[in-house]
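Okay, structure first, notes after.
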Amino acid sequence: MRKALITGISGQDGSYLAELLLAKGYEVHGLVRRSSNTVRARLDHLFGDPTIYNQKLFLHYADIDDTTTIRRLLIRIQPTEVYHLAGQSHVGASFEIPESTCEFTAMGTLRLLEVLRDLPERPRMMQISSSEIFGRPSDAPQDESTPMNPVSPYGVAKAFATQMVRVYRDSFGFFACNAICFNHESPRRGESFVTRKISLAAARIKLGLQKTLTLGNLDAQRDWGYAPEYVEAFWKILQHDTPDDYVIATGKSHTLGEFLEAAFGSVDLEWRDHVQTDPKYMRPAESHRLVGNPKHAIETLDWQPRTKAPELAALMVEHDLQAIRSHG
Ligand code: GDD
């Protein structure tokens, strides 16, 4: 029986990954924070299925800094694969809460590696890294060999975690890998991230529930992909013969204006009539020219990003329209 442990199972990626692994016949264990009130939202359909919840899917309470509980769970569950997705993932927020961001994202990864180091049967391990490690890169697109140059506390924490995974792989023979993910979105994206903020606003404006959308830096450019496709890459990374790092991206960058155009345009709205800016959403420093080169993942893992950003924008707006129409 293949058993997976997912830290951060209640997040966007965790929920898609849980579905993928269950469909592949895995027994899936997830770590959730006791204080998290969004625990169930993205997993509700799995909880509601008596053939899945507590049969093939199990949740355990453990904060990512609770090393003793995590060690106990790992010894008891004996997973064959560990997907480490948990952490404070909002780049803007990391400027306000740098210490806890580093505590969870940087030290949380190191603590997990230390626990794994002592296990008699060490599972394969994947850490979700981020394009934020590149910060302001001198070259575009970025690949696995692009130097790290983070410009946010979050980026610094991810750079630490990414390099630590490499150190444990090279020094202790871990099967440990980094998925260096560029932005990836979906209808399950948290509402404070820009794509979901846009899709919700476009839907509400279309339905006459809202008039304006207030954003920060409109010059931002990102390589936006579709989250369910990215978790397929996570799985493939751990099935490969050898451990390695992989950039997971679409290879195409878009401006925020282009994303707005696609989202608002999909419901026949002109975004310029509704969008305003407020410095409170600007960050003290921004990553620039982020665009990934996924060649290594495409060639080695036989993985493909399929959904393009304009299509992604439209599907997110469509989902939010339907959800608001049915639930308000
Ligand atoms: N969140 C947000 N809110 N971002 C805004 C806004 C706004 O009102 N207005 C403009 N932006 C700009 C940000 O300044 C940034 O340049 C871009 O939109 C994207 O912001 P986010 O959606 O918050 O994502 P991110 O790029 O900072 O980080 C995400 O992607 C990383 C790379 O994959 C997060 O998911 C990270 O956890 C992830 O590592």
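The values are calculated or read from the model by the stated rules, or taken from the named source; none is laboratory data. Note that the structure is a prediction, hence the values are computed from the model and not measured. Cβ: placed from backbone, ideal geometry, glycine included. Neighbour counts: every protein chain shown. Please note that ligands, DNA and RNA were not included when accessible areas were found on the heavy atoms of the full protein model with its side chains. Shrake-Rupley method; radii C 1.70, N 1.55, O 1.52, S 1.80 Å.
Need the list of lysines near LYS24 for cross-linking: C-alpha distance under 17 angstrom, and skip anything on the same chain fewer than eight residues off.
List returned: LYS3, LYS56, LYS236.
Looking at the chain as a GNM with Cα springs under 10 Å, which of ARG34, ARG42, ARG124 has the largest mean-square fluctuation?
Maximum fluctuation in the GNM of the chain, among the listed residues, is at ARG34.
How about segment 239-285: which GluC sites (Glu not before Pro) there lie in a loop by DSSP and see at most 16 other Cβ atoms within 10 Å?
GLU270
How large, in Å, is segment 131-220 by the Kirkwood hydrodynamic radius built from its alpha-carbon pairs?
After inverting the pairwise mean of 1/r, the radius is 15.8 Å.
Would you calculate a helix-derived [θ] at 222 nm for the chain, using -39,500 (n - 2.57) for each DSSP H run of n ≥ 4 and dividing by the full residue count, to the nearest 500?
Calculated mean residue ellipticity at 222 nm is -11500 deg cm²/dmol.
If you average the sequence gap of Cα pairs under 8 Å that are 6 or more apart and divide by the length of the chain, what percent do you get for the contact order?
18 percent
To one decimal place, what Kirkwood hydrodynamic radius in Å is obtained for segment 166-306 from all pairs of distinct Cα atoms?
Here the Kirkwood hydrodynamic radius works out to 16.9 Å.
Where does helix 194-206 land angle-wise versus the long Cα axis of the chain, in degrees 0 to 90, nearest 10?
40 degrees
Return the tail of the calculated pair distribution for segment 220-277, meaning the percent of Cα-Cα pairs more than 15 Å apart.
Every Cα pair in segment 220-277 considered, those over 15 Å come to 63 percent.
Using a cut-off of 13 Å between alpha-carbon atoms, which aspartates and glutamates can reach LYS308, once sequence neighbours fewer than 8 places away in the same chain are excluded?
Partners found: GLU185, ASP223, GLU229, GLU258.
Given the chain, what percent of its DSSP beta bridges are antiparallel, to the nearest 5?
5 percent
When the Karplus curve 6.51 cos²θ - 1.76 cosθ + 1.60 is applied with θ = phi - 60°, which whole-Hz ³J(HN,Hα) does each residue of segment 127-144 get, with x for Gly and Pro?
3J(HN,Hα) across segment 127-144, in whole Hz: 10, 7, 9, 8, 4, 4, 5, 7, x, 10, x, 7, 10, 9, x, 8, 10, 5.
I'd like the accessible area for PHE174: 1.4 Å probe, protein heavy atoms, all chains in place, Å² to the nearest 10.
Accessible area, nearest 10 Å²: 10 Å².
Within segment 201-291, which trypsin sites (Lys or Arg not before Pro) sit in a loop by DSSP and count at most 13 neighbouring Cβ atoms inside 10 Å? Can you show the working numbers first?
Working: sites: ARG204, LYS206, LYS211, ARG222, LYS236, LYS252, ARG272, LYS280, ARG289; in loops: LYS211, LYS252, ARG289.
For trypsin sites (Lys or Arg not before Pro) across segment 201-291 that sit outside H, G, I, E and B with at most 13 neighbouring Cβ atoms in 10 Å, the list reads LYS211.
Taking each pair of different alpha-carbon atoms in the chain once, compute 1/r for the pair, average those values, and report the inverse of that mean as the Kirkwood hydrodynamic radius in Å to one decimal.
Value: 20.3 Å, from the Cα pair sum.
Among ALA18, ALA41, ALA297, which one shows the highest mean-square fluctuation when the chain is modelled as a Gaussian network with alpha-carbon springs under 10 Å?
Of ALA18, ALA41, ALA297, the most mobile in the Gaussian network model is ALA41.
Extending each Cα 7 Å along its Cβ direction at ASP219 and GLU96, get the distance between those two points in nm, one decimal.
2.5 nm
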